[in-house]
Amino acid sequence: MTGAIIEVSGVSKSFGGVRANADISMSVEKGGITGLIGPNGSGKTTLFNSIVGYHPIDSGSIRFANREISGMAVPEIARLGLLRTFQQTRIYGAMNCVENMLVSLPHRKMSIRDAFRRNSTEDRERAETLLEFVGLYRKRLLRAGSLSFGQQKLLEFAMALMNEPEALLLDEPTAGINPTLINGLIDRLRLANAEFGITLFIIEHNMRVIMNMADTIYCLAHGRMLASGAPEEIQHDQRVVNAYLGAH
Amino acid sequence: MTMRRLVFYGALLALSLAAPFLFPAFKTQLATLWLMIIVALSWDMTGGQMGYNSLGNIFFYGTGMYVAAVITIAIAHDVGEYTAASGGGIYTWTWGQYFAGLVIGTLGAGFFCAVCAAVIGWITFGLRGPYFAIGTLGVAIAAGELVSNWDWVGGGQGITMPNYPGDFERFKLLIYYLFAALGITLFVFVSWLYSTRFGAAINAIRDDEEKAEAMGIHTLRYKMVTWAMAAVFVGAAGAVSAFQLIHFEPLETAYQTINLGIFMVVCVLLGGKGTLWGPVIGAVMFHAFKEVTWSYFLGWQWIALGALIVVVVVYFQDGLMGYLRQRRPDWFGMRVDAGETP
């Protein structure tokens, strides 16, 4: 079954005099992997922030699973099953990895009474399985803040999976990760998409990564939608090449 | 629970119950020690576990005192007439009325303070970091000033509680056990709370509130509920203090922002923020230090206390438990697992 899970239409966002996003329209196919590329400062993260409700948009509409979400607050949107990871990785530094995972259990499925319970054995097993999945099992009892940047990124990814989102927005998942680990990460992202059925929407600067993974790619430049299409089309689009080389 | 822990907690409980008989001359100091433990543990619920450093928790202490006083007086008399006569000595309470005041007053103080915390929290939890600390401090100071101008509750003169209708030594014993019961209840409560998902969620708010929001945690709800739970215990402790002190006034006793209001924070810093035992150990260390300086360095006691605060804040922010956790992380279960992966 396919169809758009995230629909962005006519979204604009300015910060003072800077138009970070101008009349952006795009959609993310349910169950697919969609990429978002563009030079630095082209408005990719702003678009992500607008989608997850981090700041109000100036105009336009954002729909998630056929529901208008542009006026909703961050935690509300997250509880609908639309989750994001951060470019500057965010984890709970003073808690260990297992605790980080357990606190990421989906709160949309949690009643007040559930909040006053302890985590079940199944929850713990799932946390450990997912930590194993990203290769952090042996470090699971260490403080998350003591992990390396790349490991924290993997942990953040595992936490997102623990939350069982419908769709996951990843802001530069491979940035700062050791090149030899990148292939492993690509495999895991693909697995998360194929096996857990999570729709992925990825900002990525590493062209090799995004061209390999995405079904559809959108390219932003100067806050506007420059091009969209399949990876091969984007790769050969002269406007995209110019944007990256600074001729735009 | 392992056998060793059972023995440890059993011995501690026995010591707590026997303390006023082992040291009969120190009943009041021991009761005050429990008070310090209560305010430190409840301060740490928001300050240490949730990352919201309140300087206004003393508001609940003072408000608890006044709520208990008003309830106790209202049970037997008209509050306005009673405060207008400044006690006057012509007012009496029966045993039944006194104990009804003690029970209803303490429970009522806890309940009222929880409601206050939810309301004040709803407003102040928009503030972060030092702004939250100053905002809550402002609430406590303002409350003290308002109450000292409110004649119905005695204004700046304060308010006088009924005398215990019995032997004074037994009264001290009663107060000790009330504080001890409250402290033990609080300790059991928080050690349970921190083991639940609720405890993990407030830790998440402490470590990165923006991330917690992005993961769908109801942050404001958790913050309000946590503060309200802390306020129940501070308010109830204030109520017991009101009965203990018999007479109290608003600025120096009830809303004593610069004394108890700061001491509770220092206790937690000394013992270690965000740990279960830190506030308890810190309260014991602080209270011992304070009693020693007050007894042997009278005249210099405030300077000694100020020096202690400066040293703790500058050199020892993580407290005793924090120091141990840094030196011996393996004691706290933080280690690389060398075992087989599943």
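If B:HIS247 meets every condition in (1) at pLDDT 85 or above; (2) at positive phi; (3) not hydroxyl-bearing (Ser, Thr, Tyr) apart from one, which number is that one?
The single condition B:HIS247 does not satisfy is (2).
Kindly establish whether B:LEU6 is surrounded by fewer than 22 Cβ atoms within 10 Å (Cβ to Cβ) and of a type outside the set (Val, Ile, Thr).
Details: surrounded by fewer than 22 Cβ atoms within 10 Å (Cβ to Cβ): yes; of a type outside the set (Val, Ile, Thr): yes.
It is true that B:LEU6 is surrounded by fewer than 22 Cβ atoms within 10 Å (Cβ to Cβ) and of a type outside the set (Val, Ile, Thr).
Among the candidates A:PRO165, A:PRO173, which residue alone is assigned to a loop (DSSP other than H, G, I, E, B), crowded, with 22+ Cβ neighbours inside 10 Å, touching a residue at least 60 places away in the same chain (Cβ under 8 Å) and more than 10 Å from every other protein chain (Cβ to nearest Cβ)?
Working: A:PRO165 fails: more than 10 Å from every other protein chain (Cβ to nearest Cβ).
On inspection, the qualifying residue turns out to be A:PRO173.
Looking at A:ALA158 and the list (1) without any contact (Cβ under 8 Å) to a residue 40 or more places away in the chain; (2) within 20 Å of A:GLY197 (Cβ to Cβ); (3) more than 11 Å from chain B (Cβ to nearest Cβ), which single condition is not satisfied?
It fails just one condition, (1).
Can you tell me which residues in region A:70-83 are more than 9 Å from chain B (Cβ to nearest Cβ) and surrounded by 20 or more Cβ atoms within 10 Å (Cβ to Cβ)?
Applying the first criterion (more than 9 Å from chain B (Cβ to nearest Cβ)) to region A:70-83 yields A:70-72, A:82.
Answer for region A:70-83, where residues must be more than 9 Å from chain B (Cβ to nearest Cβ) and surrounded by 20 or more Cβ atoms within 10 Å (Cβ to Cβ): just A:LEU82.
If the Cβ limit is 7 Å and pairs must be 6+ apart or interchain, which residue in region B:320-338 that is at the interface with chain A (Cβ under 10 Å from one of its Cβ atoms) and modelled with pLDDT of 80 or more pairs with which residue that is part of a helix (DSSP H, G or I) and surrounded by 13 or more Cβ atoms within 10 Å (Cβ to Cβ)?
Qualifying pairs under 7 Å: B:ARG325/B:PHE332.
Against the conditions (1) assigned to a loop (DSSP other than H, G, I, E, B); (2) farther than 26 Å from A:TYR244 by Cβ; (3) within 14 Å of chain B (Cβ to nearest Cβ); (4) touching a Ser or Thr at 6+ places or on another chain (Cβ under 7 Å), where does A:HIS55 fall short? Just the number, please.
(4)
Which of the following residues is assigned to a loop (DSSP other than H, G, I, E, B) and farther than 20 Å from B:GLY158 by Cβ: B:GLY96, B:GLY121, B:GLY110, B:GLY51? First the steps, then the outcome.
Working: B:GLY96 fails: assigned to a loop (DSSP other than H, G, I, E, B); B:GLY121 fails: assigned to a loop (DSSP other than H, G, I, E, B); B:GLY110 fails: assigned to a loop (DSSP other than H, G, I, E, B).
The conditions single out B:GLY51.
I need a count of the residues in region A:101-122 that are touching a Lys or Arg at 6+ places or on another chain (Cβ under 9 Å), modelled with pLDDT of 90 or more and assigned to a helix (DSSP H, G or I).
Number satisfying all stated conditions: 2.
Could you look through region B:207-237, keep only residues that are touching a Phe, Trp or Tyr at 6+ places or on another chain (Cβ under 8 Å), assigned to a helix (DSSP H, G or I) and facing another protein chain (nearest Cβ under 7 Å), and pick out the one that is farthest from B:PHE132 (Cα to Cα)?
Taking the candidates together, the pick is B:ALA214.
Identify the single condition in (1) at pLDDT 90 or above; (2) in a loop (DSSP other than H, G, I, E, B); (3) not polar (S, T, N, Q) that A:GLY35 does not satisfy, given that it satisfies every other one.
Exception for A:GLY35: condition (2).
Which of the residues spanning region B:244-301 are assigned to a loop (DSSP other than H, G, I, E, B) and either among the β-branched types (Val, Ile, Thr) or in contact with a Leu (Cβ under 8 Å, 6 or more places away or on another chain) (or both)? Can you show your working first?
From region B:244-301, those assigned to a loop (DSSP other than H, G, I, E, B) are B:246, B:249, B:255-259, B:272-277, B:297-300; that's our starting set.
Within region B:244-301, B:ILE246, B:THR257, B:ILE258, B:GLY272, B:THR275 meet the criteria.
The values are calculated or read from the model by the stated rules, or taken from the named source; none is laboratory data. Values in this document were obtained by computation on a predicted structure and should not be read as measured data. Heads up, the Cβs are rebuilt from the backbone with ideal geometry, glycines too, and the neighbour counts pull from every protein chain shown.
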